[in-house]
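What follows is one structure encoded as structure tokens, with my remarks underneath.
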Amino acid sequence: MIKWMLVVVLSLLAAPVTAFDVPMASEAPVVDGDPGDIAWTRADWVPMEYLMWGTMPGKEDFSGRFKLTWTGDHLYLLAEITDDILYDSHPDPLAFYWEDDALEIFIDEDASGGNHQYNYNAFAYHISLDNQAADMGPFLSEQDRVAQKPNVRLFPGHIQSQWKRSENDPYKLIWEVKITVMGDDFQDSYPAGQPAAQAKSLQAGKTMGFMLAYCDSDGKNEGGGREHFMGNVDVTPVNGDRNLGYIDAGVFGQIRLVE
């Protein structure tokens, strides 16, 4: 509770975030782990250079950068990741997904900031090596708790992902993702007669909260777990803790869609 109160205060006092521009694609890239699509030629690389948790890795252990582009229907991501050891120790895609190697996409459709840990004010999609995306949802009902259901779920309708290793040393992961952008009206289920939330259309001038990070686990920690958590935003720590993105969308950066 105290940690969350400090995060709220930090968000309210933080300086305005400068958005970086994301160019529109004349033709949507094919999500196949091949970076040769013409859509990527207009986009600039953004480095993932900031430590968000754990220890700072050497460049041979981890380095990363990414590009973004968009169409009227989707946001697209191309990530280039150097990771010398790929590790996935939890076969259940809903169990401890943050402790294995994963690409984590933080997105806040209306750039409103605020708490999103157990609601859909924003999303923190953890994309595992099997290309499935998990995130936490709202608090469970008492019946769900009795049934021991998890308050996490997969989002196949939001995320399409594919990665490949490059053919040359250091054999980087080339990771492409198509993101269907959902707003804070998304729900896990809808009452009878109530329509499901629709994906948000994208247009030039739109600003969204966005941050990209990578969970790097080499399987070297006793009991497992990630050693490094690197991202593109220099998050201001609260009591020394920079791992705040899964709670507070106010620590995200921002992107602005341009033609």
**Prompt:** If R0 is 35 Å, what FRET efficiency do you get for GLN203 and THR236 from their C-beta distance, rounded to 0.05?
**Reply:** 0.65
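Loop-only check: which trypsin sites (Lys or Arg not before Pro) in region 47-83 are DSSP coil with at most 15 other Cβ within 10 angstrom? Can you show the working numbers first?
Working: sites: LYS59, ARG65, LYS67; in loops: LYS59.
When the trypsin sites (Lys or Arg not before Pro) of region 47-83 are filtered for loop state and at most 15 Cβ neighbours within 10 Å, LYS59 remain.
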**Request:** Show the residues, 5+ positions off or on another chain, whose built amide H is closer than 5 Å to the amide H of ARG226.
**Result:** none
**Request:** Using the Karplus curve 6.51 cos²θ - 1.76 cosθ + 1.60 with θ = phi - 60°, work out ³J(HN,Hα) for each residue of region 245-257 in order, rounded to whole Hz, and write x for Gly and Pro.
**Result:** x, 6, 9, 10, 6, x, 8, 5, x, 9, 10, 10, 7
**Request:** Sort out for me the Cα centre separation of region 152-208 from region 25-82, rounded to whole Å.
**Result:** 15 Å
**Request:** List the residues of region 102-118 whose backbone N lies under 20 Å from a point placed 7 Å from the Cα of LEU51 along the Cα-to-Cβ direction.
**Result:** 102, 104
**Prompt:** Taking the chain as a Gaussian network, Cα atoms linked when under 10 Å apart, which of PRO35, PRO191, PRO170 shows the biggest mean-square fluctuation?
**Reply:** PRO191
**Request:** Collect residues whose amide H, placed 1.01 Å from N in the peptide plane, falls under 5 Å from the amide H of GLY183; neighbours closer than 5 in sequence don't count.
**Result:** LYS200
**Message:** Compute a Gaussian network model of the chain, connecting alpha carbons closer than 10 Å, and tell me which residue from HIS126, HIS90, HIS74 fluctuates the most.
**Reply:** HIS90
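Would you check region 64-178 for Lys pairs whose C-alpha atoms are within less than 23 Å, ignoring same-chain pairs closer than 8 in sequence, and give me the count?
Summing the qualifying lysine pairs gives 5.
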**Item:** Per-residue HN-Hα couplings for region 27-37 [Karplus 6.51, -1.76, 1.60; θ = phi - 60°; Hz; x = Gly/Pro]
**Value:** 9, 4, x, 7, 7, 9, x, 10, x, x, 4
**Request:** May I ask for the net charge around SER141, where only other residues with Cβ less than 13 Å from the Cβ of SER141 are counted and Lys, Arg are +1 while Asp, Glu are -1?
**Result:** -1
**Complete:** Counting only residues 5 or more apart in sequence or on a different chain, those whose built amide H sits under 5 Å from that of VAL258 are VAL22, MET24, GLY205
**Message:** Looking at the chain as a GNM with Cα springs under 10 Å, which of ASP61, ASP144, ASP241 has the largest mean-square fluctuation?
**Reply:** ASP144
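Excluding SER128 itself, what net charge comes from residues whose Cβ is under 9 Å from its Cβ, given Lys and Arg +1 and Asp and Glu -1? Walk me through the intermediate numbers first.
Numbers: positive: none; negative: ASP88, ASP100, ASP101, ASP130.
After counting each charged neighbour, the total is -4.
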**Request:** Could you list the residues of region 150-188 with an amide nitrogen less than 14 Å from a label point located 7 Å from the Cα of GLU60 in the Cα-to-C-beta direction?
**Result:** 169-171
**Complete:** Under the 7 Å Cα-to-Cβ spin-label approximation, TYR190 and ARG256 lie apart by a distance in nanometres of 3.4 nm
**Message:** Accessible area of the chain with a 1.4 Å probe: how many percent of it is carbon plus sulfur?
**Reply:** 52 percent
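To the nearest 500 deg cm²/dmol, what mean residue ellipticity at 222 nm is calculated for the chain from DSSP H runs of n ≥ 4 alone, each contributing -39,500 (n - 2.57), summed and divided by the residues?
Working: 2 runs with 17 residues, N = 259.
Rounded to the nearest 500, the figure is -2000 deg cm²/dmol.
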**Asked** Tell me, what ³J(HN,Hα) does each residue in region 188-196 have, in order and in whole Hz, if you take phi through Karplus 6.51 cos²θ - 1.76 cosθ + 1.60 with θ = phi - 60° and put x for Gly and Pro?
**Response** 5, 8, 10, x, 4, x, 9, x, 5
**Complete:** Under the 7 Å Cα-to-Cβ spin-label approximation, ARG145 and ASP84 lie apart by a distance in nanometres of 4.6 nm
**Asked** What is the local net charge at GLY114, summed over the other residues whose Cβ is closer than 12 Å to its Cβ (Lys, Arg +1; Asp, Glu -1)?
**Response** -4
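The values are calculated or read from the model by the stated rules, or taken from the named source; none is laboratory data. What you see is a predicted model, and the numbers here were worked out from it, not measured in a lab. Neighbour counts run over all protein chains shown; Cβ positions are idealised from the backbone, glycine included. Heavy atoms of the whole protein, side chains included, go into the accessibility calculation; ligands, DNA and RNA do not. Shrake-Rupley method; radii C 1.70, N 1.55, O 1.52, S 1.80 Å.
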